[in-house]
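Here is the structure we will look at.
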Amino acid sequence: MKLTLKIWRQADPQAKGETVTYPVNDISPDMSFLEMMDVLNEELVNKGEEPVAFDHDCREGICGMCSMYINGEAHGPDRGITTCQLHMRKFKDGDTIYIEPWRAKAFPVIKDLVVDRNSFDRIMEAGGFVSVNTSGNTQDANAIPIPKEDADEAFDAATCIGCGACVASCKNSSAMLFVSAKVSQLALLPQGKVEAKRRVLNMVEQMDKEGFGNCTNTGACEVECPKGISLSNIARMNREYLSASLTAKD
Amino acid sequence: MSFFTSSIGRKVVMSITGLFLISFLIVHLAVNLLTLVSKDLFNEASHFMGTNPFIQTMQYVLALGFILHISQGLILTMKNRQARPQKYAMNKPETNSGISSRSMLLTGVLVLLFIFIHLRDYLWEMKFGNLGGYETDYDLVVGLFDDPIYTAVYVLSFILLAFHLNHGFQSAFQSIGVNHPKYTSFLKTLSTVFCIFVGVGFSAISLYFFFN
């Protein structure tokens, strides 16, 4: 396959950045998108040019590192996958492909296609945990009965890999799908209910502080999410936040 | 108070005021449809709406509802734009979301402009004016739709309103946390049916009097 790549190049966080065009040849349709990027980078290195910086780690769709906005969609045109699982057969010979970093104030570009997603970590630090004493006498997990539906829903929410595709796809750069998944996975289970009120209040407060936008229920995040996290999590967070705001004592 | 300045708090305000404005729309449409039934019945209903103390009080609540809905909408839009300082060179939002959900500001602002025209020509004339020279409320309603451009502006505004409602109605429930596998798909269908009903209902009145 022959392709024309239009890639965002930005030397550092302060640099202005621009779209640079790179032609690539000899791309196999069986390659993953990241392998195609590797081919390009090898060519650039051989020419003595700076390779394109992009995030990647596990390359099997579970770590959430790869983060490219490909041809106008987070993780490219395929559904339910991350960029490492996107194959070049999804494109046609001669295609022009735009490759951009996630765009959000809360995800500043570090270099080229790499963005700083520490804002997600700070939201987790604000409440995405349960406080458990680790005195050595850990209770048997099965001692607390949990309805199957709740366990399933919590598990579905917990499949969020924190990649940020929801923020990238949202026209408002809202982090509601991510935060609601993290709120839900804990709020649904008995161990998480203890701190549920404080958790949702603190996590939403941190989310707002980070400069993410507001949810307008377009549903774009759910469609683009590689793990299919449901909008019902956002509704749950809205409920949790509403009731916590009304009833929290401090 | 931090609730009302939080992202979710503002959305809850949008939702509650939006649903309240929808309840007003239903009453408004119900009264207007009486024009198709009989002149006397509409004039009577119009007189009731203009003099009943409860309705008169609700007018101010309604105005407050509009102000809150519009101001929060503008603040949210401003914040949302700030959340993405750099736009994408290539973006395909149509692949993951509907047109009505992405154009709420546009449809909202255009409907607001329409409301200004509408208030000037009707509410103002009925409350403070001389009914634009017409004899009764009914004659004023019927009379203004003689003009093809005026009628076209109204019908276009109702189509925009329908788009606004298509997203707004069901979205209001999601914002206050009402999402359930049993009821959400029903609410979405109801939202579409309702927006078509409102759009067609109001347009039908304008078009009926234009052609008659």
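Any residue that is surrounded by 15 or more Cβ atoms within 10 Å (Cβ to Cβ), away from chain A (no Cβ under 13 Å) and of a type in the set (Ser, Thr, Tyr) - is there at least one of those in region B:69-79? No. Before we move on, is A:ALA141 within 17 Å of the chain's Cα centre (by Cα) and small (Gly, Ala, Ser)? So A:ALA141 fails the test. In region B:94-117 there is no residue that is among the basic types (Lys, Arg) and either more than 7 Å from chain A (Cβ to nearest Cβ) or open to solvent by 70 Å² or more (accessible area, probe 1.4 Å) (or both). Inside region A:157-195, residues that are farther than 21 Å from A:TYR69 by Cβ and polar (S, T, N, Q) make up a count of 5. Residues being farther than 30 Å from A:ASP208 by Cβ, within 14 Å of chain B (Cβ to nearest Cβ) and surrounded by fewer than 16 Cβ atoms within 10 Å (Cβ to Cβ) are represented in region A:87-95 by at least one member.
Residue count for region A:139-165, restricted to those that are assigned to a helix (DSSP H, G or I) and of a type in the set (A, V, I, L, M, F, W, C): 8. Could you list, in sequence order, the residues of region A:117-138 that are surrounded by 16 or more Cβ atoms within 10 Å (Cβ to Cβ), in contact (Cβ under 8 Å) with a residue 60 or more places away in the chain and not in a helix (DSSP H, G or I)? If the condition is that a residue be surrounded by 16 or more Cβ atoms within 10 Å (Cβ to Cβ), in contact (Cβ under 8 Å) with a residue 60 or more places away in the chain and not in a helix (DSSP H, G or I), then A:GLY128 is the only one that fits. Can you find a residue that is β-branched (Val, Ile, Thr), under 11 Å from the mean Cα position of the chain (by Cα), assigned by TED's automatic domain parsing to the domain that holds A:PRO226 and at pLDDT 95 or above anywhere in region A:158-165? Taking every residue of region A:158-165 in turn, at least one turns out to be β-branched (Val, Ile, Thr), under 11 Å from the mean Cα position of the chain (by Cα), assigned by TED's automatic domain parsing to the domain that holds A:PRO226 and at pLDDT 95 or above. I'd like to know if region A:217-228 contains one or more residues that are within 11 Å of chain B (Cβ to nearest Cβ), touching a residue at least 60 places away in the same chain (Cβ under 8 Å), within 23 Å of A:SER119 (Cα to Cα) and in contact with a strand residue (DSSP E or B) (Cβ under 6 Å, 6 or more places away or on another chain). Looking through region A:217-228, at least one residue is within 11 Å of chain B (Cβ to nearest Cβ), touching a residue at least 60 places away in the same chain (Cβ under 8 Å), within 23 Å of A:SER119 (Cα to Cα) and in contact with a strand residue (DSSP E or B) (Cβ under 6 Å, 6 or more places away or on another chain). If you take the residues in region A:171-206 that are free of Cβ contacts under 8 Å to residues at least 60 places away in the same chain and touching a strand residue (DSSP E or B) at 6+ places or on another chain (Cβ under 9 Å), which one is most open to solvent (accessible area, probe 1.4 Å)? Among them, the one singled out is A:LYS171. The residues in region A:237-250 that are within 7 Å of chain B (Cβ to nearest Cβ) and in contact with a helix residue (DSSP H, G or I) (Cβ under 8 Å, 6 or more places away or on another chain) can be counted, and the count is 4. Restricting attention to region A:2-36 and to residues that are of a type in the set (A, V, I, L, M, F, W, C) and outside any strand (DSSP E or B), the residue that is farthest from the chain's Cα centre (by Cα) turns out to be A:ILE27.
Consider A:LYS105 carefully, then state whether it is within 13 Å of chain B (Cβ to nearest Cβ), assigned to a loop (DSSP other than H, G, I, E, B) and free of Cβ contacts under 8 Å to residues at least 60 places away in the same chain. Spelling it out, it is not the case that A:LYS105 is within 13 Å of chain B (Cβ to nearest Cβ), assigned to a loop (DSSP other than H, G, I, E, B) and free of Cβ contacts under 8 Å to residues at least 60 places away in the same chain.
Would you confirm, using the coordinates I've provided, whether B:LEU140 is in a helix (DSSP H, G or I), open to solvent by 70 Å² or more (accessible area, probe 1.4 Å) and more than 21 Å from B:ILE26 (Cβ to Cβ)? Spelling it out, it is not the case that B:LEU140 is in a helix (DSSP H, G or I), open to solvent by 70 Å² or more (accessible area, probe 1.4 Å) and more than 21 Å from B:ILE26 (Cβ to Cβ). Residues that are touching a strand residue (DSSP E or B) at 6+ places or on another chain (Cβ under 7 Å) and of a type in the set (Gly, Ala, Ser) within region B:43-95 comprise B:ALA83, B:ALA89, listed in sequence order.
Report yes if A:ALA168 is assigned to a helix (DSSP H, G or I), in contact with a strand residue (DSSP E or B) (Cβ under 6 Å, 6 or more places away or on another chain), closer than 30 Å to B:GLY98 by Cα and more than 7 Å from chain B (Cβ to nearest Cβ), otherwise no. Walk me through it before giving the result.
Values: assigned to a helix (DSSP H, G or I): yes; in contact with a strand residue (DSSP E or B) (Cβ under 6 Å, 6 or more places away or on another chain): yes; closer than 30 Å to B:GLY98 by Cα: yes; more than 7 Å from chain B (Cβ to nearest Cβ): yes.
Yes, satisfied.
Among the residues of region B:185-207, are any more than 20 Å from B:LEU112 (Cβ to Cβ), among the aromatic types (Phe, Trp, Tyr) and open to solvent by 40 Å² or more (accessible area, probe 1.4 Å)? Within region B:185-207 (the criterion being more than 20 Å from B:LEU112 (Cβ to Cβ), among the aromatic types (Phe, Trp, Tyr) and open to solvent by 40 Å² or more (accessible area, probe 1.4 Å)), the answer is yes, since at least one residue qualifies. Can you confirm whether A:LYS105 is at pLDDT 95 or above, farther than 24 Å from B:ARG81 by Cβ and open to solvent by 10 Å² or more (accessible area, probe 1.4 Å)? No, not satisfied.
The values are calculated or read from the model by the stated rules, or taken from the named source; none is laboratory data. Since we're looking at a predicted model, the values are computed, not measured. Every residue, glycine among them, receives a Cβ derived from its backbone with ideal geometry; neighbour counts consider all protein chains shown. These accessible areas exclude ligands, DNA and RNA; they are computed on the full protein's heavy atoms, side chains included. Shrake-Rupley method; radii C 1.70, N 1.55, O 1.52, S 1.80 Å.
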